[in-house]
Amino acid sequence: MQYKTQFMKSKNLLILTAMVLVSSMLTAQISLFNGKDLTGWKTYGTEKWHVEDGLLICESGPDKAYGYLATEKHYKNFELNLEFKQEANGNSGVFIRSTIEGTKITGWQVEVAQKRTSLEGDATGGIYESYGRGWLIKPDMEKDKNLKAGEWNKMKIRVVGDKVTTWLNGVEMVTLTDEKIGKGEGSIALQIHDGGGIKVKWRNIMLEEL
């Protein structure tokens, strides 16, 4: 009887271990950036996207226009983790469920910008609808302190159905439920804002499909 009990315990342990391994495989993160080149991405516009020392770098070009780097694959429900470092004017963003024609983008941007100096300023972690309703939600200004100017920052974006939640350096910035976003389809895209003088570095762009 004791041998049978031990056997059953060992069997249950093996089954549990297998379930955990399968679960981890199904929810494993994938890297969207290989640290070497722009494989898996497509550029839009004339602004500069390049890889240097394992970092993805975006810079304004001579046209000082909008530019985008979008995933070739579309992603619907996911959790995206990445790190960014703003240099010079850091106005940029991470778009979700977006499509692009030329340099006109349809979709929703999680803002990456400098700290606000007024109520009308930009707001990292807020959600903006380009060529549509404009700002949908901004974080409270007191949360701007979570942005480390000129240093590496960690951003997390979770998109499930019609709900989007953003975090900056471990702090929840906004949560938005929006029917139009829920119907959206498209790529993840990084932005260079127009105006010139922009440089942002990116690394550890990791995605988990949900």
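Against the definition (open to solvent by 10 Å² or more (accessible area, probe 1.4 Å) and closer than 26 Å to R133 by Cβ), how does G45 come out, yes or no? Taking the combined requirement at face value, the residue satisfies it. Among the residues of the stretch 63-89, the ones that are in contact with a Phe, Trp or Tyr (Cβ under 8 Å, 6 or more places away or on another chain) and crowded, with 16+ Cβ neighbours inside 10 Å come to 9 in all. Annotation: K148 fulfils all but one of (1) touching a Ser or Thr at 6+ places or on another chain (Cβ under 8 Å); (2) open to solvent by 60 Å² or more (accessible area, probe 1.4 Å); (3) of a type outside the set (S, T, Y); the unmet one is (1). Every test in (1) loosely packed, with under 13 Cβ neighbours inside 10 Å; (2) at pLDDT 95 or above; (3) of a type in the set (V, I, T) is passed by T117 save one, and that test is (2). Looking across the stretch 153-202 at every residue that is more than 11 Å from the chain's Cα centre (by Cα) and basic (K, R), the one that is nearest to S92 (Cα to Cα) is identified as K199. Tallying residues that are within 23 Å of T46 (Cβ to Cβ) and part of a strand (DSSP E or B) within the stretch 86-110 yields 17. Of the strands (runs of 3 or more DSSP E) contained entirely in the stretch 120-190, those carrying at least 2 residues that are in contact (Cβ under 8 Å) with a residue 12 or more places away in the chain and polar (S, T, N, Q) fall at 171-177.
Is it the case that some residue within the stretch 39-46 is hydroxyl-bearing (S, T, Y) and free of Cβ contacts under 8 Å to residues at least 12 places away in the same chain? Yes, the stretch 39-46 has at least one match.
The values are calculated or read from the model by the stated rules, or taken from the named source; none is laboratory data. Keep in mind the model is a prediction, meaning the values are calculated, not measured. Counting neighbours? That spans all protein chains shown, and the Cβs are built from the backbone with ideal geometry, glycine included. Ligands, DNA and RNA are excluded from the accessible area calculation, which covers all protein heavy atoms including side chains. Shrake-Rupley method; radii C 1.70, N 1.55, O 1.52, S 1.80 Å.
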